[in-house]
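What follows is one structure encoded as C-alpha cells, with my remarks underneath.
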Amino acid sequence: MKHDKIGTQVKLPMGRAVQIAVQGIRIRLGRSMVTVSGVVLGIAFLMSNVAGQLISDALSRERETRQIVTLMEALVRNEVGTAAGKTLAVTVHGDLERTERLFMERVAKMPFAAVRVSGANIDRGVSATPQNVAEGAYLLLVLGQQQNIPVDLETLISGMNHVGVLDAVANRTYAGQAPRAGVKRDLLFGKETQEQMERMREHAAQARFRTVWVAIISLLVTIISISNALLMSVTERIREIGTMKCLGALSAFIRRMFLIESAFIGFAGSLAGMVLGALIPLIIYGWIFGFGLMFGEISFVRFGVACLGCVVVGTLLAMIAAIYPANFAARMVPASALRSNV
Amino acid sequence: MAFERELFFKDADAAARSGYVIRAVDVRKVYRMGDTETHALRGATVDIIRGEYLSIMGPSGSGKSTLFNMIGGLDKPTAGKVYIDQVDIAQLDPFELAWLRCRKVGYIFQSYNLIQVMSCIENVMLPMAFAGLDGEESREKALMILERVGLGGRALHKPAEMSGGQQQRVAIARALANTPDILLADEPTANLDLRTGEEIIKLFRTLCDELGVTVITATHDLKMLKTSDRIMWIEDGLISKITTPEEMELHIDEIH
Ligand SMILES: Nc1ncnc2c1ncn2[C@@H]1O[C@H](COP(=O)(O)OP(=O)(O)OP(=O)(O)O)[C@@H](O)[C@H]1O
Ligand SMILES: [Mg+2]
C-alpha cells in the first residue's frame, strides 16, 4: 500500500550494521569480555578433550610402534648373535612403514662391520644394486611394502656367507615367484609382531570411537555454555532493543546487528578457546611423557581439523544462540519490550 | 460494517480538510496478566489538530502513557483505530511503521529509556543513524540539539553520570533528532527545576509556533498547562473533557 504522507524506512547498509555492532562490543567491552569468556571456556573444554584424545591416542600408538621395533631388533640379534665382524645387507623395495624406518635406524647402530644398502640411505651404509647387495653378507633384510620385487631370491642370496633372510612382507614374491621351500626366510613381522600389529589396529579403532564419544559429550556441554552466555547477553538488552525499535530500527536490522555481534564474539572466543584447549593437553602430555613420544605418531591433519572444527563450531553456536533471543526481541511490540525487566 | 467503513472515510476526508494530524477513534486497551484484566483505555476518542500544543492531564494510572503508546504507534490497541495523517496505522507495513517512529514522531518517555552504555551524544545520534544519517553531519547536528537543551558541555557523559533532569533533557534532545512533525512527551518537565522546566516549555512552544510541530505532553506542570492550546482530561481510561487553559483557570478558581 502506498501512502503519500508516510514514507518507508531506509535499510541501513551492511557496513553500517557492522560498524554499529563493533561499536556495541567496544562500548560494553567489559560485558562483552564476559560473554567471550563464556565461549572461550566452552570451546577450550571441547578442544582440550578432543586434543587430549588425539594425543593419548598418538602416545599409545607410538608406544606400540616402539615395541614392534624392539621385537624386530630382537629377531635380528637372535639371527646374527654378535654383530661384530659381520656384514649386513639391506634392500628396500617400495614405501617404508614408520616401524621399518625406525627399525633401520636401530639396525644401523648395531656394531656390524659393514652395512650394504640398496634402495635407501643408511648411516655409514655402502650403497649397492639390488642384485649384488647381499654379497659377502651374513644377513639380508628385505624391507619396503612392495608386493613383488624384480630380483629372484636365488640371485639375491648368491654370494652370502651365511644364508639368512628377514623379510618385512609375508607373501612377497621374488621376480614373480614365491620363495622356494628350502631357502631360509624369516619374517620380520613374524607371528609375534603380527599379533602386536593386530592389537594395535584394535586399539586404534577403540581410540577413534572414544574420541568421537568424548567430542559429542564435550560438544553438548559447550553448546549449553555458549548458548547460556549469548542468551544472557541478548535478553538483558531487550529494553535496549525496545528503545531502538521505538527510535525507528527495523526488526531485520536488529537481527542482523546481533548476528554480526555474536559472530565476532563467537569467533574471538572460540579462537582463544581453541588455542587454550590445544596448548593445555599438549604441554601436560608432553611434560609427562616427553615431546618425542608425543609427536612421533600424532596426526597433524586430524589435529588441524579439530582446531578448525572448534572455531567453526564456536562461531556458529554463538550465532545460533544469539539469533533466537534477538529475533524474539526484535519482533516484540516496542511498548512491551520497553517494559521488560530481565 | 460497510456502513461503518463509509463513515470512517467520510471522517477521514473531513479530517484532511480540518487538518487533524492524529485521530484516535474509540481506542481500547486491555492488559491481561494471568487472570486479571486491566482496562487501561476504555474507548478514548480524540482529534489532535496539526500544529497544536496539547496537554494531557489525569491522575496516575489513568492511561496517559498507554494512550501515548497507541497514538505513537508503539503498541497495538485491543480495539479501535488510530490515524496518523489520515492513514490507519494498523495498515502500515514494518518499514512504514519504522519510518513513522523514526521521522514522524519524536518520543520522550516517562522513564527516559536512554541507552545506558552510550554517551549522551551517541544517544541523540542513534535515531539519526536509523534514518541513514551518520558521520560528522549527525555529530554536529546532535551537538547543536544538545546545546539547545543546555547540555552542550556534557555530550560525552553517560546517562548514569547525569542527574534525573539532565537525563530528561537528553531524552528531549533525542526526540528532536530527526526534526519530527509530532512530539509526544510523557511528563517531560517532571524532574526539571523551575527555570529549566520553563526553558523546555518555551522550547516546545517555539517548536510549535515556528516549525509547526504538533506537541502532545502528559503533564501536571501548571506552567505547561497554561502554555498549551488545549488541555485534555483523562480519567480511568476515558477522556472526560477537553478545555482551554482559560477554562481550566476558571475551574481551578472555582475550587479555591
Ligand atoms: N504493560 C502493562 N501490563 C499491565 N498493565 C499495564 C501495563 N501498562 C499499563 N498498565 C496498567 O494500565 C493502567 C494505565 O497505565 P498508564 O501507564 O497508562 O498510566 P499513566 O496515566 O501513564 O500513569 P502515570 O501518571 O503514573 O504515569 C494502569 O492501571 C497500569 O497498571
Ligand atoms: Mg505514565
Answer from A:95, A:57, A:4 - the residue that is away from chain B (no Cβ under 14 Å) and either more than 30 Å from the chain's Cα centre (by Cα) or at pLDDT 85 or above (or both):
A:95
State whether the residues of region A:9-29 include one that is within 13 Å of another protein chain (Cβ to nearest Cβ) and in contact with a Lys or Arg (Cβ under 7 Å, 6 or more places away or on another chain).
yes
Quick one: which of B:116, B:167 is touching a helix residue (DSSP H, G or I) at 6+ places or on another chain (Cβ under 6 Å), touching a residue at least 40 places away in the same chain (Cβ under 8 Å) and surrounded by fewer than 19 Cβ atoms within 10 Å (Cβ to Cβ)?
B:116
Residues that are closer than 29 Å to residue B:67 by Cα and at the interface with chain A (Cβ under 8 Å from one of its Cβ atoms): list the helices (runs of 4 or more DSSP H) wholly contained in region B:87-181 that include at least 3 such residues.
B:94-99, B:120-130
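Looking only at region B:29-65, how many residues end up being among the hydroxyl-bearing types (Ser, Thr, Tyr), without any contact (Cβ under 8 Å) to a residue 40 or more places away in the chain and within 16 Å of ligand 2 (Cβ to nearest atom)? Write out each step before concluding.
Of the residues in region B:29-65, the ones among the hydroxyl-bearing types (Ser, Thr, Tyr) are B:31, B:36, B:38, B:45, B:53, B:55, B:60, B:62, B:65.
Still in the list and also without any contact (Cβ under 8 Å) to a residue 40 or more places away in the chain: B:31, B:36, B:38, B:60.
Now narrow it down to the ones that are within 16 Å of ligand 2 (Cβ to nearest atom): B:31, B:38, B:60.
The total comes to 3.
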Wholly within region A:1-119, helices (runs of 4 or more DSSP H) carrying at least 2 residues that are closer than 30 Å to residue B:92 by Cβ and small (Gly, Ala, Ser):
A:14-27
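Being charged (D, E, K, R) and surrounded by fewer than 17 Cβ atoms within 10 Å (Cβ to Cβ) is the filter here, so list the residues in region A:74-96 that pass it.
Looking only at region A:74-96, we keep the residues that are charged (D, E, K, R), and these are A:77, A:79, A:86, A:95.
Passing the criteria: A:77, A:79, A:95.
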Output the residues belonging to region B:39-86 that are part of a loop (DSSP other than H, G, I, E, B) and within 13 Å of ligand 1 (Cβ to nearest atom).
B:58, B:59, B:60, B:61, B:62, B:63, B:72, B:74, B:75, B:76, B:77, B:78
Quick one: count up the residues across region A:141-160 that are farther than 18 Å from residue A:69 by Cβ and within 37 Å of the chain's Cα centre (by Cα).
4
Among (1) at pLDDT 95 or above; (2) of a type in the set (Val, Ile, Thr); (3) more than 16 Å from ligand 1 (Cβ to nearest atom), which single condition is residue B:89 missing?
(1)
Some residue of region B:160-173 being modelled with pLDDT under 90 and within 16 Å of ligand 1 (Cβ to nearest atom)
yes
Out of curiosity, is residue A:261 farther than 30 Å from residue B:68 by Cβ and within 14 Å of chain B (Cβ to nearest Cβ)?
yes
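The values are calculated or read from the model by the stated rules, or taken from the named source; none is laboratory data. A quick note: this is a predicted structure, and the numbers were derived from the prediction, not measured. Neighbour counts are summed over all protein chains in view; Cβ atoms, including those assigned to glycine, are modelled from backbone coordinates with ideal geometry.
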